[in-house]
Amino acid sequence: MKRKAQDNSKKKKWQQELEQIQDDGEIGVEAIQLPEDYGKDSEDEEYDKRKKLEEQRQEEILVKEKEDLAKQQQAELDKQKEHLAKIEKEDKNEEEKVDVEDPELRSIFIVGLPKKFSDADLSKLCSEFGKIRSYDLIRIEGAEKNKGKALVEYYNTMSAMKAKQALDGKDHNGKFLIVNIGLKQA
C-alpha cells in the first residue's frame, strides 16, 4: 500500500515535470525517458489484488452454493422422514383398527403344529401377516406340550386371510398345517 502511494506520487511528480518542460519549451517529449517499469508494479499489484478479490468472491459463492445445496438436501431428507413416519403411523393405526366386530372373521384356527411349539414360535409364525390381537396355543392339561392346535385373532380380516392363504397346507417340521378362518376346529 505504501509502495503504491510512492509510485503514484512519483508518477504525479514526473507528469508535473513533463508538463513544466513542455510549457517551457526547453525539451521535446522525445527527450524524456521514463523507466521501463514505470507504473508496472502498481498495475501488477492492482491486477493481483483484483484477481485475489475475484477468487475470494468465487470461493465464497461456491461455499454458499454448497451450504444452500446441503440445506436443501437436508430439508428434503427431513421431509421424506416425516412422510415415512406419517405412513408408518397410518399403517400402525390401520393394523390396530378392528375392521369387523365379529372375531370369527378375524381369527384363524391352526391344526398340525409341532407338540413342542412355544408361544414365541406361534407369534413369530403368524405375526408376519399382520398385527396379532391375541393368540392361544392349546395345551395338554398338566403338561408343557401343546395339542398341536392354536387360535390366532388378528385386528383385521385381511391379515387373517393372508395367514390362511400362506399357511394352509404348508409343511412345518414334517407336518402339514391346516388353517381355517374362524373359531371352528379344522
Collect residues whose amide H, placed 1.01 Å from N in the peptide plane, falls under 5 Å from the amide H of R139; neighbours closer than 5 in sequence don't count.
K147
In square angstrom, what is the accessible area per residue of region 50-90 with a 1.4 angstrom probe?
101
Order of 60-68, 152-160 by packing, highest average Cβ count within 10 Å first?
152-160, 60-68
Say the cut-off is 25 Å between C-alpha atoms; which of K124/K164; K86/K164; K64/K89; K145/K170 go over it?
K86/K164; K64/K89
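The values are calculated or read from the model by the stated rules, or taken from the named source; none is laboratory data. Because the structure is a prediction, the values reported are computed rather than measured. All Cβ positions, even for glycine, are placed from backbone atoms using ideal geometry, and neighbour counts span all protein chains on display. For the accessible areas, the whole protein counts, side chains as well, though only heavy atoms, and no ligand, DNA or RNA atoms are used. Shrake-Rupley method; radii C 1.70, N 1.55, O 1.52, S 1.80 Å.
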